[in-house]
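Computed from the coordinates by the stated procedures, all read-outs in this text should not be read as laboratory data. These numbers come from a predicted model, not from an experiment. For neighbour counting, all protein chains shown are included, and Cβ atoms are generated from backbone atoms with ideal geometry for every residue, glycine included.
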Amino acid sequence: MRTSTVPSRTPSARPAPGPSAGARRPAGLLALVVGLLLALVPAAPAAAANPYERGPAPTESSITAARGAFAVSQTSVSRLGVSGFGGGTVYYPTDTSQGTFGGVVISPGYTARQSSIAWLGPRLASQGFVVMTIDTLSVYDQPASRGRQLAAALDWLTTRSSVRDRVDAGRLAVMGHSMGGGGTLEAVVDDPSLQAAIPLTPWNTDKTWPEVTTPTLIIGAEDDSVASVTTHARPFYTSIPSSTPKQYLELNGASHFAPNVSSTPIARSSIAWLKRFVDDDTRYDPFVCPAPAVGTTWSDVRSTCPF
């Protein structure tokens, strides 16, 4: 062990003078000068509270606009170049200065093709997501198959697509219409690591979803005669545990095919949900909670707010 010897001090024969008012004054003046100088030094900028925030702070007009803050490009994906799903179209922000974006894959419904939900692609992408609308292997595929195809499309998007370097593989979501909505629930049961799910007027023979832990927004339609809300959307919502962030919004007087045309209420609620749970962007909290009121837009609203 190394030791050190501290030399002893020999006290001076002359006692040290006690502090005087004159001795204290320069020290006080020095402290004042130092304080003033520090006040003039600009503070270091605070780190962003959330590194996944993309785009400006939201407003009601920004999330209801036909296009968001990001310019968008798109690329077609042939079914011949992929496996596990039927190809599709990728919509992505052209901005590369803000890092990667969350990814969203959307499935159409029974007998439908991606054109039926294509309007969601550029609308969501312009808010800061990489979005893929897919065709299924067969237009007759059932929800369980559509769930697996959503998973296959996410895997392709994040590992083999031409925009894979723009997508954060840890921040992914699924959406779907009708049987695609049923497939959305299947997908999050199979992969609970998904960040958000949005079934649109969903259809599934399975009515209970106690396994769902992914934050889920279900949008139903009051006059849906294909997937009646009383036997599909509402029971689906009710069966998801209350410990899971969830919300149910029912379009007033709308039919099963409401998600097949551009809809500001669907877009607004979907954008807010994806931003809140895929991007962890709490700036969108006011657009998610409290849930909207029942009225001319929504005929039924249920929620586990606050999240």
Looking at the stretch 218-228, is at least one residue surrounded by fewer than 24 Cβ atoms within 10 Å (Cβ to Cβ) and in contact with a Pro (Cβ under 8 Å, 6 or more places away or on another chain)? no
Might you let me know whether the stretch 68-87 holds any residue that is part of a strand (DSSP E or B), out of contact with any helix residue (DSSP H, G or I) (no Cβ under 9 Å at 6 or more places or on another chain) and β-branched (Val, Ile, Thr)? yes
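Yes/no per residue for (1) touching a Leu at 6+ places or on another chain (Cβ under 8 Å); (2) surrounded by 15 or more Cβ atoms within 10 Å (Cβ to Cβ):
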| position | (1), (2) |
| --- | --- |
| 172 | yes, yes |
| 179 | no, yes |
| 200 | no, yes |
| 242 | no, no |
In the stretch 88-117, how many residues are farther than 13 Å from residue 128 by Cα and either assigned to a helix (DSSP H, G or I) or of a type in the set (Asp, Glu) (or both)? 4
Among the residues in the stretch 205-224, are any small (Gly, Ala, Ser) and part of a loop (DSSP other than H, G, I, E, B)? no
For the stretch 166-179, name all the residues that are within 18 Å of residue 231 (Cβ to Cβ) and in a helix (DSSP H, G or I). 179
What number of residues in the stretch 255-280 are of a type outside the set (Val, Ile, Thr), in a loop (DSSP other than H, G, I, E, B) and crowded, with 22+ Cβ neighbours inside 10 Å? 2
Would you be able to tell me the number of residues in the stretch 123-166 that are basic (Lys, Arg) and more than 25 Å from residue 203 (Cβ to Cβ)? 3
Under 6 Å between Cβ atoms, at least 6 apart or on separate chains: pull out the pairs that start in the stretch 140-159 with a residue that is touching a residue at least 40 places away in the same chain (Cβ under 8 Å) and end on any residue that is of a type in the set (Lys, Arg). 158/164
